[in-house]
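The values are calculated or read from the model by the stated rules, or taken from the named source; none is laboratory data. Predicted, not measured: the structure shown is a model, and the values here were computed from it. Cβ coordinates were reconstructed from backbone atoms using ideal geometry, including for glycine residues, and neighbour counts include every protein chain displayed. In case anyone asks, the SASA skips ligands and DNA or RNA and just uses the protein heavy atoms, side chains included. Shrake-Rupley method; radii C 1.70, N 1.55, O 1.52, S 1.80 Å.
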Amino acid sequence: MTSVFQRAARPLHKAAAQLRNDSGCKTLWLGALAVLVLMSAGIASLATISREWTDLRAARADIGRVRDELGQVQQLLSRLQVLEREVSDGARSGAVQAAGRETQNLLRQLDSQIRDPQARDLLARLAAITRRQLDLLDEAPRQPGARADPERLEALRSVGDALIARETALLGAPVQALAERSQRSEQLVWVILLGTMLLLLAAVAATVRHVRRRAAAEKAARGAFSLIRSALEAVEQGVALFDGRGRLLLWNPRFCELRGLDPSQLSEHMPVNEVFRLGARLSIRLYQDGEAQTESIDSWQLAEVMFARQDFLGEASRPDQTVLQICGRPMATGDYVVTYADVTALKRSESAYRDQAARLSAILDHAADAIVTINESGSIESWSKSAEHLFGYQADEILQRNVRFLMSEPQAAAHDGYIRRYLQTGEPRVLGRRREIEALHKDGRRFPIDLAISEMWIGPRRLFIGMMRDISARREIEQLKSTFVSAVSHELRTPLTSISGSLGLLAGGVAGALPSKAGRLIDIAKLNCERLVRLINDILDLEKAESGKLDFRLEPQRLKPIVQNAIDLNRSYAHHFGAVIELDPCGDDADVLVDRDRLIQVLTNILSNASKFSPGGGTIHVRIRKDGEVVRISVRDEGPGIPLDFHARVFERFAQADSSDSRPKSGTGLGLSICRSIVARLGGDIGFESPPGMGATFHVSLPIYAQAPTSSKAGSDDP
């Protein structure tokens, strides 16, 4: 449920993050930067303009002062020229004196205004010349015919012109500075205005982009919220979302159903205690270390856990025996989500599983066979009580160890190769078969066991089950039986041969003609005697084969003539049972390294069995077929087939599907066991298939001579 909720909430989280990015720090910093830049630009502009206006006012004042000084100098020179003309024209003394006083006033004003040192020097010279000129002009009325000194007048004009030039130069510098400052101020104002306009355009563009992204994010948020709502309504778990103050924010219909609530009773911002009070009463047990606590708590105690913003997981039981799994988890947003899941069926299944596991464990612990489970690497994963008794190891001593630790050589060295070849090829040459191997006890003692291996899958894992049984007692019994049978066979063979020969002579008329009843009794005795001789011969052959004392003369030969010879030898026997033997003319042929007589002995046994169990008019099909590096001889009859419960014992000694005294088919039950030993010595394999009611097919597989070993060897347990 949590993963579903998180997947559904992912678009909402993305939209919320987009909103936070757009309307949060980025927008705030951008706006603050724009305002700061605009304020700085405004302050800088005002400061610059104020400074420029102050400088302009100072420059204008300097220009006005210099212009006033220049005008006063020109006025002074004009006044002196006027006085010179008046004196020359015989002006009155009072008028000259009044003009002189005005001239003195002009000089004093100029002296108080002019600050330039060079201009003040020129003004001092001009004042001295002017005072002398005024003195002369003042004496002129008392000296008729007096005239101004031309040199003094020229000096006066020269100094005046120099003073005017100096004042004019002083006037030009402020005017030039004023023009330059005016130009710089105009440029600065334009730059500030242009920058302000660009900042305004950037702010407007950012605002438009922010508005668009916010609108898109709000639309995505609305869609995500709708998706979450739909997801919550579809899930099988009950979900409720509370804010940081424990008020209900969001819930789905399943929550109301599991909590026994009427949806009309719920409303947003309802306190959690009120929600728990309205719902069905729950007995809650929280999990601790993976196990449910024995002490139950009430809903208000669960609310305290939520207010503490702690994770919790537990079980809640309703009065109607419904079991809920309840889970709470705080969220990064400050909210708290609580989920409910109906686990009633799961709890019942767990209880049934525990009961079944307990029964299975009891069965395994009391089973007579040792049961061991290993994985694909050969490590032991389970160890039954019987295995403890059989090998002497406790479970904690043997688990996770390789199973070859329990085997003696050579099985221990070959074990990993068996599993590896099976995993690579998939050929089950060991699986489903019972094998007799030698095991190793904890105390170092070796003992024989009967081993059967099967395969099972638990999910994606492949495991192998080994069932083992101690056959030490059986081996001892078999050894005693073999010794007894060998002794009895040898002790019976000689007298039976003599009896059989004597009965043959009597039946042949050596003792004269016998009555018909006596003849029939002699014939019956002779047949039974021959049957006993065959039984004894089979027993002796079996003992020789199993002890490795059976003689073999291996020669490379064509297989098909040998098979044809065996068919010819058994054709009359099959005809006695109304059956016909046919060799497939389209079959293959190959060279094999075999003992011809021993192979004919194997085929004779198989063909005679097929003849005995074929129905009247039935056909026995023989076929030779190459299969890779081996060649297979198949003999198929049309009889009733081999009973399913007898398949595992077909090649055992004295094994017969019908072992009663009244069975219709005679036999010793040793033929197929002898065949298996002979075929193993030839380096081949013998087996059969027998679908129910569809006859039986026995096959003998032999290595083709080109790949055959150079000497005879017994069959291998290699899977």
Check on G260, touching a helix residue (DSSP H, G or I) at 6+ places or on another chain (Cβ under 9 Å), surrounded by fewer than 18 Cβ atoms within 10 Å (Cβ to Cβ), on the phi > 0 side of the Ramachandran plot and not basic (K, R): yes
Selection count where residues are out of contact with any helix residue (DSSP H, G or I) (no Cβ under 7 Å at 6 or more places or on another chain) and farther than 19 Å from A280 by Cα, scope the stretch 303-312: 6
Answer residue from the stretch 340-361, given it is open to solvent by less than 30 Å² (accessible area, probe 1.4 Å) and of a type outside the set (S, T, Y) and is nearest to L302 (Cα to Cα) among those: A341
Sole exception among (1) more than 30 Å from L46 (Cβ to Cβ); (2) out of contact with any Asp or Glu (no Cβ under 9 Å at 6 or more places or on another chain); (3) open to solvent by 40 Å² or more (accessible area, probe 1.4 Å); (4) modelled with pLDDT of 80 or more for A234, by number: (4)
Residues located in the stretch 187-219, provided they are at pLDDT below 75 and loosely packed, with under 15 Cβ neighbours inside 10 Å: V189
Identity of the residue in the stretch 430-460, at pLDDT below 85 and of a type in the set (K, R), that ends up farthest from M407 (Cα to Cα): R433
Helices (runs of 4 or more DSSP H) completely within the stretch 246-346 that count 1 or more residues being at pLDDT 80 or above and more than 24 Å from S226 (Cβ to Cβ): 253-259, 272-278
Hits in the stretch 201-227 - residues which are more than 30 Å from N252 (Cβ to Cβ) and either in contact (Cβ under 8 Å) with a residue 60 or more places away in the chain or not in a helix (DSSP H, G or I) (or both): A202, A203, A206, H210, R213
Pair list, Cβ under 9 Å, 6 or more apart: the stretch 551-571 residue touching a residue at least 12 places away in the same chain (Cβ under 8 Å) and within 16 Å of R598 (Cβ to Cβ), other residue assigned to a helix (DSSP H, G or I) and among the acidic types (D, E): R553/D597
Test for R493: is it in contact with a helix residue (DSSP H, G or I) (Cβ under 9 Å, 6 or more places away or on another chain) and part of a helix (DSSP H, G or I): yes
Test: residue in the stretch 461-474 that is modelled with pLDDT under 70 and aliphatic (A, V, I, L, M): no
Residue in the stretch 328-339 that is among the hydroxyl-bearing types (S, T, Y) and surrounded by 18 or more Cβ atoms within 10 Å (Cβ to Cβ) present: yes
Among the candidates S408, S386, S349, residue that is without any contact (Cβ under 8 Å) to a residue 40 or more places away in the chain and more than 19 Å from A452 (Cβ to Cβ): S349
In the stretch 329-352, residue farthest from A395 (Cα to Cα) [restricted to those that are among the hydroxyl-bearing types (S, T, Y) and under 30 Å from the mean Cα position of the chain (by Cα)]: T333
Output for the stretch 589-616, where each listed residue is under 21 Å from D551 (Cβ atoms) and touching a residue at least 60 places away in the same chain (Cβ under 8 Å): V592, L593, V594, D595, R598, L599, Q601, V602, L603, N605
Index of the failed condition, V305 passing every other in (1) in contact (Cβ under 8 Å) with a residue 24 or more places away in the chain; (2) in contact with a strand residue (DSSP E or B) (Cβ under 6 Å, 6 or more places away or on another chain); (3) buried (at least 17 other Cβ atoms within 10 Å of the Cβ): (1)
